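*Asks:* My questions will all concern the structure given below.
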Amino acid sequence: MNLPVIFLILVLFTVLMAFFSQNKFDYFPIALIIGAIAVVSMITFGNLEEEEILGFINFNTLIFIFSMQIIIYFATHDRVLEYLAIKLIHITKGDNRLFFYMICLFTGTMVAFIEDLTLSLILVPLIYRTCRALEIPAGTYMMGMTITINIGAILTPVSSLKNLIIGKEFNWGFGISCQYGYFVLNLVNNHHILDG
C-alpha cells in the first residue's frame, strides 16, 4: 500500500472521530460513507483486491455482536434488567450488606454475557436511585459494581469485543476462555478469603 492512501485513510479516520464527538449528527451513516470511501480508495489506489479486503473482516464476530446488540436493545426496551434490579431489592429487604453482595453477584454474572459499558449504563442509574430510596450512600455500591464488572468481563469470551478478538487470535473456544475466567475468579475469591 502506498503512502498517499495511508495518509487518506488517517484523514478519514480523523474526520470520523470528529463526527463521533459531535452530538448534532448521527455518526452511523457518516461512518458508512467514510468506510466506503476508504475501501474504494484502497481498491483504486492501493492495488488491493476485494477478496483481500474482505478477508480482514471476521463476519462471525460481526454477526454475533449485531445479535447481542439486538438482545440488549429488547432487554432494555422491555425493562428486563430494571425488573431484575427491583427484584434484588425485594429479595434483600433493605439489608445493606446483602444488597451490596447481590449487586456485585448480579453485575458480575450479567457482564459475563452482556457488554460491560452497556450494562453499566443501565445499572448505574438504577443503583443510584435505589440507594437514594434506601437512604444509603451510593459510592460504595458503584465501586463494587465497577470492580465486579471488570472481573466479570474476563470470565467469558462473549462479554466484550476485546475478548472475542483475543480468543480468535489464539484459537480459544468458549470452554478454554471460561477455564481462564474460572481461574481468575478463584484467584480473586482466594484473595478475598485470605484478606478478610
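*Asks:* I'd like the full set of residues that are of a type in the set (Gly, Ala, Ser), modelled with pLDDT of 80 or more and in a helix (DSSP H, G or I), limited to the stretch 133-169.
*Replies:* Initially, the stretch 133-169 is screened for residues of a type in the set (Gly, Ala, Ser), giving 133, 138-139, 144, 152-153, 159-160, 167.
This time we only want the ones that are modelled with pLDDT of 80 or more, so: 138-139, 144.
Passing the criteria: Gly139, Gly144.
*Asks:* Looking only at the stretch 43-89, which residues are within 21 Å of Pro4 (Cα to Cα), among the polar types (S, T, N, Q) and surrounded by 13 or more Cβ atoms within 10 Å (Cβ to Cβ)?
*Replies:* none
*Asks:* If we scan the stretch 22-43, do we find a residue that is at pLDDT below 80 and either closer than 24 Å to Gly167 by Cβ or polar (S, T, N, Q) (or both)? Break it down stepwise before answering.
*Replies:* Within the stretch 22-43, the subset at pLDDT below 80 is 22-28.
Narrowing further to those that are either closer than 24 Å to Gly167 by Cβ or polar (S, T, N, Q) (or both): 22-23.
Yes, there is a match, as at least one residue in the stretch 22-43 is at pLDDT below 80 and either closer than 24 Å to Gly167 by Cβ or polar (S, T, N, Q) (or both).
*Asks:* Checking the condition among the β-branched types (Val, Ile, Thr) and in contact with a Phe, Trp or Tyr (Cβ under 6 Å, 6 or more places away or on another chain), which residue from Ile70, Ile63, Ile30, Ile37 passes? Quick ask: steps written out before the conclusion?
*Replies:* On the way: Ile70 fails: in contact with a Phe, Trp or Tyr (Cβ under 6 Å, 6 or more places away or on another chain); Ile63 fails: in contact with a Phe, Trp or Tyr (Cβ under 6 Å, 6 or more places away or on another chain); Ile37 fails: in contact with a Phe, Trp or Tyr (Cβ under 6 Å, 6 or more places away or on another chain).
When all the criteria are applied, what remains is Ile30.
*Asks:* Among the residues of the stretch 1-41, count how many are closer than 23 Å to Glu169 by Cβ and more than 30 Å from the chain's Cα centre (by Cα).
*Replies:* Here the count works out to 1.
*Asks:* Next question. Looking only at residues in the stretch 93-132 that are among the acidic types (Asp, Glu) and not in a helix (DSSP H, G or I), which one is farthest from Ser67 (Cα to Cα)?
*Replies:* Of all residues in the stretch 93-132, those among the acidic types (Asp, Glu) come to 95, 115-116.
Okay, now just the ones that are also not in a helix (DSSP H, G or I), so 95, 115.
Details: Asp95: 37, Glu115: 12 Å.
For the stretch 93-132, the residue satisfying everything is Asp95.
*Asks:* For Leu88, indicate whether it is within 30 Å of Arg132 (Cβ to Cβ) and among the aliphatic types (A, V, I, L, M). Can you show your working first?
*Replies:* Numbers: within 30 Å of Arg132 (Cβ to Cβ): yes; among the aliphatic types (A, V, I, L, M): yes.
Spelling it out, Leu88 is indeed within 30 Å of Arg132 (Cβ to Cβ) and among the aliphatic types (A, V, I, L, M).
*Asks:* Criterion first (on the phi > 0 side of the Ramachandran plot and not assigned by TED's automatic domain parsing to the domain that holds Asn171) does Asn47 satisfy it? Let's see the steps before the verdict.
*Replies:* Working: on the phi > 0 side of the Ramachandran plot: yes; not assigned by TED's automatic domain parsing to the domain that holds Asn171: yes.
Yes; evaluated as a whole, the condition is true for this residue.
The values are calculated or read from the model by the stated rules, or taken from the named source; none is laboratory data. Keep in mind it's a predicted model, so treat the numbers as computed, not measured. Cβ atoms come from the backbone with ideal geometry, glycine included; neighbour counts cover every protein chain shown.
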